[in-house]
Amino acid sequence: AILRQPARFGALGVVAGHIILTVGVALILMPAVPNLIATALLGAVVGVLKVFNRDRPVLAVPLPVIAAAIVSVLVFLAVKHGLPVEPLHALVPPLVAFLPGAMLTLGMIELAYGDMVSGSSRLMTGFVQLVLLAFGLAAGAVLVGYTPEQLVESSPLRLDPAWATSAPWLGVVVFGTGAFLHFSAPRGSLPWMLLVLLVAHAVQQAAAALVSQTGSGFFGMLAVTPLGYLIHLRFRGPPAMVTFLPSFWLLVPGAMSLLSVTKMLSDREAGLDGLLLAIFVFTSIALGTLMGASLYKTLTESLGLWQLQIGRVGRYFRGDRRRR
């Protein structure tokens, strides 16, 4: 019934939101101007495709493959005609809505809690979706006359150092705004979403500088998980999943996994190394989420703040009685 509900901002809002969040991911991964223009156009194509498929469940399963193939065809047609597009970083952002980063991470969390059936099912589904996306990218390249190996061949684009430093921060805000529109987030949730995303990015950047880039996702989720619960229970904000779930996409384990699976088509050793690195990344994010929830629960119980504890709903019923 929920899936049958019309989008809060209409079909135009869904498409516009997809364009905006695609540009946000591009600002984080590769903020070169030609790449931003290309990803915006490709994001519009994929957004229209998703709206067209909304009431057509027959196409729901092959939609990621079809979208990946269309994106790949358009990118390599642009490369074929000499446009300054870097294939690998132009291919990934338009497909961000299909990336199973959250699915893989939640699967790891469920396995950690002992939910073997649901956890392993999520992990296998996420991995199969990655393989299907990589297959669609390779199929699109072949249709244009390129080989799968050329998916990872590119000439690096030069970036101004100041722009390269500031663009990811802008990308966080752009991505959050796009996610708010595209996924029809609850009314009034945008400021909270942006706050949590900015905190996640700030903590991740600090941890990357002090510890390592691969383990930075752990510290990001360790910070934003209790923050999401606090916003929901103390400040009457949106549900915690609304605020900290976009952080899964922001920390980009899904994009990293797709890049690794795609690289396996041309360089098996490099692709496997990258895939192992991606597994380490979303495992650290899952562990950060688990420890963040445990930290929040421990602090609220030790301080006697029972009103802020996870699962406490009594205060909502009391609020209802007062309103009556």
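In µm²/s, what is D for the stretch 113-225 at 4 °C and 1.567 mPa s, where D = kT/(6 pi eta Rh) by Stokes-Einstein and Rh is the Kirkwood radius from Cα pairs?
73 µm²/s
For a quick check: sort V85, V71, V33 by the number of other beta carbons within 10 angstrom, fewest at the front.
V33, V85, V71
Just to check I understand the Karplus step: with θ = phi - 60° and J = 6.51 cos²θ - 1.76 cosθ + 1.60, what whole-Hz values come out for the stretch 285-291, glycine and proline as x?
Those phi angles translate into 5, 4, 5, x, 5, 4, 5 Hz.
Order by neighbour count: R158, R54, fewest other Cβ atoms within 10 Å first, most last.
Lowest count first: R158, R54.
Simple spin-label model, 7 Å along Cα-to-Cβ: L77 to R54 in nm?
Going from the L77 label point to the R54 one covers 2.6 nm.
Identify, among S118, A69, T22, the residue whose Cα sits farthest towards the positive end of the charge dipole of the stretch 11-147, taking +1 on the Cβ of Lys and Arg and -1 on the Cβ of Asp and Glu, with the dipole about the Cα centre.
A69
Viscosity 0.890 mPa s, temperature 25 °C: Stokes-Einstein D of the stretch 53-128 from its Kirkwood Cα radius, in µm² per second? The partial results should precede the final answer.
On the way: Rh = 14.5 Å.
Using the Kirkwood radius from Cα pairs, D works out to 169 µm²/s.
Each reported figure results from applying straightforward, stated rules to the coordinates on display, with no laboratory input. Because the structure is predicted, anything quoted here is derived from the model rather than measured. Note that we place each Cβ from the backbone using ideal geometry, even for glycine, and neighbour counts take in every protein chain shown.
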